[in-house]
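Asks: Here it is, the structure in full.
The values are calculated or read from the model by the stated rules, or taken from the named source; none is laboratory data. Keep in mind that what you see is a predicted model, and the values were worked out from it rather than measured. Here the Cβ positions follow ideal geometry from the backbone for every residue, glycine too, while neighbour counts run over all protein chains shown.
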Amino acid sequence: MKTEKIYTQHEENKEWANNLSFYKDEIKILSHRLTEIASKNTSNEILAKVEHFQNQLIIQKNHIDRINHEINISNDAISTDIKRNGTAVDHRSIKDYNVKSFESIFISLKIELNTFLSRWMQMKYSLRSINLILVGLFLSASAYSQTSDETNLKDTSIITLKEFNKWIGSEEKPVLVYFSADWCMVCAKMKSVMETIEKEFSNKIQILRIDTERDKEVTNEFEIDALPILMLYKHGSRKWIHIGLLDGGIICTEIELYLN
């Protein structure tokens, strides 16, 4: 461990605690999705997968609780040291509590879990009948607090079903379709994520925003009844689908799979 000022440890503790709080909220979202799948399936294979992921999420939650406990102990020790001897603040070893290791494992788990959720959705529902059970209502109140203005992700003209099919079929680049609406609070939470994706892949993909209030023909074709939804197409074929709040890292991972 390196040695740094005690205040550096305190600031890093705050940052790690904030990150862990967000990860804990994500675990709640993912756990609810798994519960939804389990309630609508009798397949032993799917139920076994659900149980596997539920157990993994419990393990990750326990890791978060353990790290938070260690951070709280560290914060108490920092306060005690400062009160006892102010000159000691320049001589303290920095701890990382294995947060980076946890983050690496957790991100890998999320990618694996979201792949399972996407494949389950594709297996369960046809292109014309998507029953959107994974609603993005279970999200962190602190994550992505943004407004609902997303005009830079869409054209203001109505997109017809014919135009939609032509768009996803004729593009050489992958097309990321984003179903949302101005009234949707969950969509507002995704605003900064989508802006980042747009900048990151500006010359590599096309982003098509479908406003469910405006683009009724496309919305009715997919029988949309919950938001937001992301669909990734390549050469007219849908490769990936996700319903609800999702962090940018996982979206980037899915996009990169179909860039070549």
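Asks: Of all residues being without any contact (Cβ under 8 Å) to a residue 12 or more places away in the chain and more than 18 Å from the chain's Cα centre (by Cα) in the range 185-215, which is surrounded by the fewest Cβ atoms within 10 Å (Cβ to Cβ)? Just the residue, please.
Replies: Filtering the range 185-215 for residues without any contact (Cβ under 8 Å) to a residue 12 or more places away in the chain gives 199, 202-203.
Retained after the next criterion (residues that are more than 18 Å from the chain's Cα centre (by Cα)): 202-203.
Working: 202: 10, 203: 5.
So the residue we want is 203.
Asks: May I pose another question? Quick one: count up the residues across the range 240-251 that are surrounded by 15 or more Cβ atoms within 10 Å (Cβ to Cβ) and assigned to a helix (DSSP H, G or I).
Replies: Step one: list which residues in the range 240-251 are surrounded by 15 or more Cβ atoms within 10 Å (Cβ to Cβ), which gives 240-248, 250-251.
Checking the rest, the ones that are also assigned to a helix (DSSP H, G or I) come to 248, 250-251.
Residues in the range 240-251 being surrounded by 15 or more Cβ atoms within 10 Å (Cβ to Cβ) and assigned to a helix (DSSP H, G or I): 3 in total.
Asks: Is it the case that the range 75-82 has a residue that's within 30 Å of the chain's Cα centre (by Cα) and either modelled with pLDDT of 75 or more or outside the structural domain of residue 28 (by TED's automatic domain parsing) (or both)? Spell out the reasoning first.
Replies: First, the residues of the range 75-82 that are within 30 Å of the chain's Cα centre (by Cα): 75.
Next, only the ones that are either modelled with pLDDT of 75 or more or outside the structural domain of residue 28 (by TED's automatic domain parsing) (or both) stay: 75.
Within the range 75-82, one or more residues are within 30 Å of the chain's Cα centre (by Cα) and either modelled with pLDDT of 75 or more or outside the structural domain of residue 28 (by TED's automatic domain parsing) (or both).
Asks: Can you pull out the residues in the range 217-239 that are crowded, with 17+ Cβ neighbours inside 10 Å and in a loop (DSSP other than H, G, I, E, B)?
Replies: Once the filter is applied, which keeps residues that are crowded, with 17+ Cβ neighbours inside 10 Å and in a loop (DSSP other than H, G, I, E, B), the range 217-239 yields 222, 224, 226, 227, 228.
Asks: Related question: Restricting the search to the range 219-244, which residues are among the hydrophobic types (A, V, I, L, M, F, W, C), modelled with pLDDT of 90 or more and under 13 Å from the mean Cα position of the chain (by Cα)?
Replies: First pass over the range 219-244, keeping only residues among the hydrophobic types (A, V, I, L, M, F, W, C): 222, 224, 226-227, 229-232, 240-241, 243.
Then drop every residue that is not modelled with pLDDT of 90 or more, which leaves 229-232.
Within the range 219-244, 229, 230 qualify.
Asks: On to the next question. Kindly indicate whether residue 179 is closer than 24 Å to residue 31 by Cα, modelled with pLDDT of 90 or more and outside any loop (DSSP other than H, G, I, E, B). So that I can check it myself, show each step before the final result.
Replies: Values: closer than 24 Å to residue 31 by Cα: yes; modelled with pLDDT of 90 or more: yes; outside any loop (DSSP other than H, G, I, E, B): yes.
Considered against the rule, which asks whether it is closer than 24 Å to residue 31 by Cα, modelled with pLDDT of 90 or more and outside any loop (DSSP other than H, G, I, E, B), residue 179 comes out as yes.
Asks: Within the range 6-60, can you find the residues that are of a type in the set (Ser, Thr, Tyr) and either assigned to a helix (DSSP H, G or I) or closer than 19 Å to residue 102 by Cα (or both)? Let's see the steps before the verdict.
Replies: Kept after step one, since they are of a type in the set (Ser, Thr, Tyr), are these residues of the range 6-60: 7-8, 21, 23, 31, 35, 39, 42-43.
Those that are of a type in the set (Ser, Thr, Tyr) and either assigned to a helix (DSSP H, G or I) or closer than 19 Å to residue 102 by Cα (or both): 7, 8, 21, 23, 31, 35, 39.
Asks: Looking only at the range 24-36, decide whether some residue is surrounded by 15 or more Cβ atoms within 10 Å (Cβ to Cβ), more than 19 Å from residue 117 (Cα to Cα) and at pLDDT below 80.
Replies: Within the range 24-36 (the criterion being surrounded by 15 or more Cβ atoms within 10 Å (Cβ to Cβ), more than 19 Å from residue 117 (Cα to Cα) and at pLDDT below 80), the answer is no, since none of the residues qualifies.
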